[in-house]
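A short worksheet on the structure shown next.
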Amino acid sequence: MRETWASGASPLPQSAEDEDFARFVADIRKATSIDLSQYKEAQMRRRLTTLRVKHGFADFASYFKALMNDGRLYNEFLDRMTINVSEFWRNPNRWQVLKDRFLPAMLKENPRLRAWSAACSTGEEPYTIAMILDSLQALGAASILATDIDEGALAKAKAGAYLERSLREVPPEFARTYFREENGVYHVADRLKKAVRFEKQNLLLDRFGEGFDLIVCRNVMIYFTEEAKQSLYQKFAQALRPGGILFVGSTEQIFSPGQYGLETAETFFYRRTV
Ligand SMILES: C[S@@+](CC[C@H](N)C(=O)[O-])C[C@H]1O[C@@H](n2cnc3c(N)ncnc32)[C@H](O)[C@@H]1O
């Protein structure tokens, strides 16, 4: 029987609570290589505390033991820590800028465009890249890599089936061309699915490829600490070819991009300079 703490209050004094959470972070890292210390602590701790209390664990030590013995609990933990919210054409006017301003010039220079959607969640973002490239007759020659730490999200991405709410920002002509509706479920066109390669990758741990013309990394940096962000911007800049573009989320402006060898090309778009 689990001890329950229905009030949500922890039985531990603050310093012991801090220690309990710090130990949990270390244990998770050892067991899974996921480094929670590189995510903003207050947010992460609040989310995980809510989850732990919901299941009636008095502290993170007992929660950790249970996670290691119960796949369902572990998957739920992963799900809660990763936050997979996404949609097609998220912040549509930025995608329009990519489509009308950057991609035509980039494709003229290199028709075999290499794009990477980093932290792609359930696939809406890489499929948005794919439909835009297809509309520019550039999908056949292009390659699109899409990565995320969450295998559950990647499985959904590969399946390519979505509810209507994920499509609310898709321009109608794109919705007509690239989706097939069946009983309220919207299936992504096969030629988009074939064009995207999905891979599991932990941005905080695994090595990056190089020579990308376009990297799209949106709505994940907000969860990371300042130090983690700085090291990631450095790595993203290195992963671009000189002149390549990094497209970030609409709350994720990079301050002093020059320190990473990037310059502002447009709001939320950065170009590798060297
Ligand atoms: C809010 S979603 C963003 C999805 C998409 N980029 C967008 O903007 O719509 C954040 C994604 O980041 C992923 N993520 C979190 N930590 C990660 C890490 N260390 N490495 C790779 N992906 C990570 C999560 O699994 C989740 O799918």
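Read-outs: derived from the displayed coordinates by stated rules, not from any lab. Note that the structure is predicted; figures quoted are calculated from it, not measured. Cβ coordinates were reconstructed from backbone atoms using ideal geometry, including for glycine residues, and neighbour counts include every protein chain displayed.
What does the helix-only formula give at 222 nm for the chain: each DSSP H stretch with n ≥ 4 adding -39500 (n - 2.57), the total divided by the residues, and the result rounded to the nearest 500 deg cm²/dmol?
After summing the helix terms and dividing by residue count, I get -12500 deg cm²/dmol.
What is the P(r) of the stretch 5-82, as percent of Cα-Cα pairs per 10 Å bin from 0?
For the stretch 5-82, the pair-distance distribution reads 18, 61, 21, 0.
Can you compute log10 of I(q)/I(0) for the stretch 194-274 with the Debye formula, treating each Cα as one identical point scatterer, at q = 0.14, 0.20 Å⁻¹?
-0.43, -0.90
How far is helix 226-239 tilted off the main Cα axis of the chain, in degrees rounded to 10, range 0 to 90?
Helix 226-239 sits roughly 30 degrees off the main axis of the chain.
Starting at the first residue of the stretch 267-274, write each ³J(HN,Hα) from the Karplus equation 6.51 cos²θ - 1.76 cosθ + 1.60 with θ = phi - 60°, in whole Hz, x for Gly and Pro.
Values, residue by residue: 4, 6, 10, 10, 10, 6, 9, 10 Hz.
At a Cα cut-off below 25 Å, give the lysines reachable from K193, other chains included and same-chain residues fewer than 8 away excluded.
Cα-Cα hits under 25 Å: K99, K108, K156, K158.
Compute the distance from the alpha-carbon center of the stretch 91-106 to that of the stretch 157-213, in whole Å.
18 Å
For the stretch 196-208, just list the computed ³J(HN,Hα) in residue order, Karplus coefficients 6.51, -1.76 and 1.60, θ = phi - 60°, integers in Hz, with x standing in for Gly and Pro.
Coupling constants for the stretch 196-208: 10, 9, 9, 9, 6, 7, 9, 4, 7, 10, 7, 6, 9 Hz.
Please give every one of the aspartates and glutamates within straight-line cross-link reach of K65, meaning a C-alpha to C-alpha distance under 19 Å, and leave out same-chain neighbours fewer than 8 residues apart.
Filter leaves E3, E17, D18, E19, D20, D27, D35, E76, D79.
Calculate the all-directions average of the projected area of the chain's alpha-carbon convex hull, and give it in nm².
So the mean shadow area of the Cα hull is 16.0 nm².
Under a Cβ-only charge scheme (Lys and Arg +1, Asp and Glu -1), can you give me the dipole magnitude of the chain about the Cα centre, in debye to the nearest 20?
Roughly 540 debye, rounded to the nearest 20.
Helix 60-69 sits at what angle to the longest principal axis of the chain, using alpha carbons and giving 0 to 90 degrees rounded to 10?
70 degrees
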